[in-house]
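Colleague: Sharing a structure with you now.
The values are calculated or read from the model by the stated rules, or taken from the named source; none is laboratory data. Note that this is a predicted model, so its numbers are computed, not measured. All Cβ positions, glycine included, derive from the backbone under ideal geometry; neighbour counts span all protein chains shown.
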Amino acid sequence: AQSVTQLGSHVSVSEGALVLLRCNYSSSVPPYLFWYVQYPNQGLQLLLKYTSAATLVKGINGFEAEFKKSETSFHLTKPSAHMSDAAEYFCAVSDRTGANSKLTFGKGITLSVRP
Amino acid sequence: GAVVSQHPSWVICKSGTSVKIECRSLDFQATTMFWYRQFPKQSLMLMATSNEGSKATYEQGVEKDKFLINHASLTLSTLTVTSAHPEDSSFYICSASSRGYEQYFGPGTRLTVT
């Protein structure tokens with residue numbers, strides 16, 4: 001079984017400040033890990049993914065995440081927040097079963113950016 | 001590439017009626033499509049997984065007879081909510097996959113049952 005834990009439901013940062021969104025996972029096999037962003041009333045957009053290559057993964061919009069096996073973590077960071085980053089962020093883990101690989105999502109974190 | 005569309009984006013229906021939501025992969029063939037449900041301020045809950053030409057596999061607790069899923073082609077899957085009730089009001093999101101582990105998500109459909 002696999003699971004994702006995103007601690008806290010809301011993170012607020014000032015514009016220009018560091019963004020850090022935490023994600024811890026549990027998986028019985030080496031995981032594939034994903035971060036998605038969701039804007040109000042829209043679907044999910046992939047920010048970045050880890051698929052067992054480089055442990056530091058760079059994504060779109062200046063986001064990056066580091067896979068740390070020893071800590072079972074995949075935290076999302078961005079050096080300088082922008083107002084447009086305000087959204088809901090979901091971490092997800094794949095069960096890697098092949099054609100029908102399912103995603104298990106964390107409960108999500110709302111990011112607010114203060115002017 | 002890897003664009004998934006949903007239609008309609010927003011629908012209101014009366015209690016007791018049925019409503020169909022379409023999910024299309026526009027520029028790739030989707031061997032597998034997934035249907036999710038999302039309540040306000042909550043995460044996505046997987047409802048079912050469907051493969052082209054096969055019956056959908058439903059997650060535990062999801063009523064198969066209420067949420068009918070058809071995956072008739074490699075680019076189209078439909079979700080029909082039968083005899084809809086106000087508690088079925090939700091945001092429904094589909095995703096499509098052609099390479100196993102990566103899913104491409106549609107923009108979602110907001111269903112309101114009055």
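Colleague: Take segment A:37-73 and flag every residue that is over 12 Å from the mean Cα position of the chain (by Cα), farther than 20 Å from A:H10 by Cβ and surrounded by 14 or more Cβ atoms within 10 Å (Cβ to Cβ).
Modeller: A:G43, A:T51, A:G62, A:T72
Colleague: Which one of the conditions (1) more than 19 Å from A:S3 (Cα to Cα); (2) not in a strand (DSSP E or B) does B:C23 fail to meet, given that it meets all the rest?
Modeller: (2) is the only condition that B:C23 fails.
Colleague: In contact (Cβ under 8 Å) with a residue 12 or more places away in the chain, in contact with a strand residue (DSSP E or B) (Cβ under 7 Å, 6 or more places away or on another chain), among the charged types (D, E, K, R) and more than 13 Å from chain A (Cβ to nearest Cβ), is that true of B:D88?
Modeller: Criteria met by B:D88.
Colleague: Looking at (1) farther than 20 Å from A:F34 by Cα; (2) within 13 Å of another protein chain (Cβ to nearest Cβ); (3) of a type in the set (F, W, Y), find the lone condition where B:F67 falls short.
Modeller: (2)
Colleague: Which one of these is over 21 Å from A:S94 (Cα atoms) and either surrounded by fewer than 16 Cβ atoms within 10 Å (Cβ to Cβ) or of a type outside the set (F, W, Y) (or both): B:S50, B:S25, B:S90, B:S43?
Modeller: Every option except B:S90 fails the conditions.
Colleague: If B:N51 meets every condition in (1) within 10 Å of chain A (Cβ to nearest Cβ); (2) modelled with pLDDT of 90 or more apart from one, which number is that one?
Modeller: Failed condition: (2).
Colleague: Here is a check on your reading of the model: is A:V11 closer than 16 Å to A:A86 by Cα and in contact with a helix residue (DSSP H, G or I) (Cβ under 8 Å, 6 or more places away or on another chain)?
Modeller: Details: closer than 16 Å to A:A86 by Cα: yes; in contact with a helix residue (DSSP H, G or I) (Cβ under 8 Å, 6 or more places away or on another chain): no.
Taking the combined requirement at face value, the residue does not satisfy it.
Colleague: Would you please name the residue that is farthest from B:P86 (Cα to Cα), looking only at residues in segment B:1-34 that are within 12 Å of the chain's Cα centre (by Cα) and away from chain A (no Cβ under 12 Å)?
Modeller: The selected residue is B:R24.
Colleague: Could you name every one of the strands (runs of 3 or more DSSP E) located completely within segment A:25-70 that has at least 3 residues being touching a Leu at 6+ places or on another chain (Cβ under 9 Å)?
Modeller: Details: elements: A:32-38, A:44-50, A:56-58, A:64-68.
Counting at least 3 such residues, we get A:32-38, A:44-50, A:64-68.
Colleague: Hey, can you tell me all the residues within segment B:1-22 that are exposed (fewer than 14 other Cβ atoms within 10 Å of the Cβ) and either among the basic types (K, R) or closer than 12 Å to B:P107 by Cα (or both)?
Modeller: Of segment B:1-22, the ones exposed (fewer than 14 other Cβ atoms within 10 Å of the Cβ) are B:1, B:3, B:8, B:10, B:12, B:14-18.
Matches in segment B:1-22: B:V3, B:P8, B:W10, B:K14.
Colleague: If B:S95 passes every condition in (1) over 14 Å from B:M33 (Cβ atoms); (2) within 14 Å of chain A (Cβ to nearest Cβ); (3) not β-branched (V, I, T) but one, which one does it miss?
Modeller: For B:S95, the failing item is (1).
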